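Trainee: Provided herewith is a single structure, encoded as C-alpha cells, for subsequent inquiry.
The values are calculated or read from the model by the stated rules, or taken from the named source; none is laboratory data. Small disclaimer: the values here were computed from a predicted structure and weren't measured. Glycine gets a Cβ as well: all are built from the backbone with ideal geometry, and neighbour counts include every protein chain shown.
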Amino acid sequence: MKRLLVLEDENSIRSFVVINLRRAGFEPVEAATGAEALERIKEYPDIRVALLDVMLPDIDGFEVCRRIRSMNSKIGIIMLSAKSQEMDKITGLSSGADDYVTKPFSTAELTARIDALYRRLGADADEQDEDELRQGPFILNTRNRMLKKNEERVKLTQIEYSLMHLFMTNPGRALSREEILTQVWGREYDAEEKVVDVNIRRLRIKIEEDPTMPVYISTVWGFGYQWNA
Ligand code: CA
C-alpha cells in the first residue's frame with residue numbers, strides 16, 4: 001500500500017489529484033491546511049510521500065515541509081507550486097523537499113514523479129517496512145506499538161502487544177505456553193502458565209471474527225498456541 005499525503009487548500013485541485021492518484025494505485029490522505037497536514041502525518045505513520053502545496057491559508061508549504069522533516073526525515077516530499085520561478089525551487093529544496101512540480105501539471109507527470117520518488121526511497125508497496133509487520137489483515141507497527149486490522153486500530157494492552165509481536169515474528173510455529181511466558185512476561189516472572197491462556201482469550205476477543213472459533217490464534221492441544229495469518 002502506497003499511502004501518501006496530499007496537502008492542497010483548493011478543493012477542486014485536491015479532489016482531482018486524489019481521484020487520479022487513487023486510480024493509479026495510491027492511497028491518498030487529504031489535508032486542506034498546513035496544521036491538518038501535520039496532524040495527518042502523526043496519525044498515519046505509514047505515509048511515505050507528501051505532496052505539499054506552497055500557497056496555503058495558514059502556514060506556507062515550505063514551513064510544513066520543514067516541520068515534517070523535523071518529525072520524520074524518511075518521508076519523500078514533493079512541493080506543488082503555481083509559480084515556476086527558480087527562487088521557489090531553491091527555497092523548496094533547501095527546506096528539505098525532494099522534488100518540485102509546477103502547476104498546472106498533468107496526472108501522468110505527477111504520478112511519474114511520485115513513482116520515481118518511491119523508487120528512490122525504496123518504499124514500494126511490496127517492500128516490507130522495517131517498522132511494520134504485515135500479515136493477512138494485520139499490520140503491527142513496532143515503532144508506535146499499534147495494531148491495525150483491516151485498517152482499523154485495535155487497542156491492545158502492553159502484554160497483548162507483546163503477544164502479537166511474538167506471534168507475528170513466528171508465523172506458523174507452535175509456541176509452547178512456557179516459551180510464550182518467558183518471551184512475553186520475562187524469565188524472572190514467576191507466574192502460572194494459566195496467565196497465558198487468560199491473555200490469549202482476551203486477545204482473541206479483540207482480533208478474531210469469532211473468538212469461540214479462532215482462526216488466527218489456534219490452540220495446539222496440550223502444548224500452546226500457533227499464529228496463522
Ligand atoms: Ca494553494
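Trainee: Name the single residue that is nearest to residue 4 (Cα to Cα) among those in the stretch 19-67 being among the hydrophobic types (A, V, I, L, M, F, W, C), more than 15 Å from the ligand (Cβ to nearest atom) and assigned to a loop (DSSP other than H, G, I, E, B).
Mentor: It comes out as 47.
Trainee: Among the residues in the stretch 200-223, are any in contact (Cβ under 8 Å) with a residue 12 or more places away in the chain, more than 30 Å from residue 2 (Cβ to Cβ) and in a loop (DSSP other than H, G, I, E, B)?
Mentor: Looking through the stretch 200-223, at least one residue is in contact (Cβ under 8 Å) with a residue 12 or more places away in the chain, more than 30 Å from residue 2 (Cβ to Cβ) and in a loop (DSSP other than H, G, I, E, B).
Trainee: Within the stretch 68-81, how many residues are modelled with pLDDT of 80 or more, surrounded by fewer than 17 Cβ atoms within 10 Å (Cβ to Cβ) and not in a helix (DSSP H, G or I)?
Mentor: Looking only at that region, the number is 1.
Trainee: Now, a different point. If I filter the stretch 163-182 for residues that are out of contact with any His (no Cβ under 6 Å at 6 or more places or on another chain), touching a residue at least 12 places away in the same chain (Cβ under 8 Å), crowded, with 16+ Cβ neighbours inside 10 Å and in a strand (DSSP E or B), do I get at least one hit?
Mentor: yes
Trainee: I would also like to ask the following. Being within 12 Å of the ligand (Cβ to nearest atom) and either in a loop (DSSP other than H, G, I, E, B) or without any contact (Cβ under 8 Å) to a residue 24 or more places away in the chain (or both) is the filter; apply it to the stretch 4-18 and report the residue that is surrounded by the fewest Cβ atoms within 10 Å (Cβ to Cβ).
Mentor: 12
Trainee: Here's something else I'd like to know. Report yes if residue 103 is within 16 Å of the ligand (Cβ to nearest atom) and either surrounded by fewer than 13 Cβ atoms within 10 Å (Cβ to Cβ) or in contact (Cβ under 8 Å) with a residue 24 or more places away in the chain (or both), otherwise no.
Mentor: Criteria met by residue 103.
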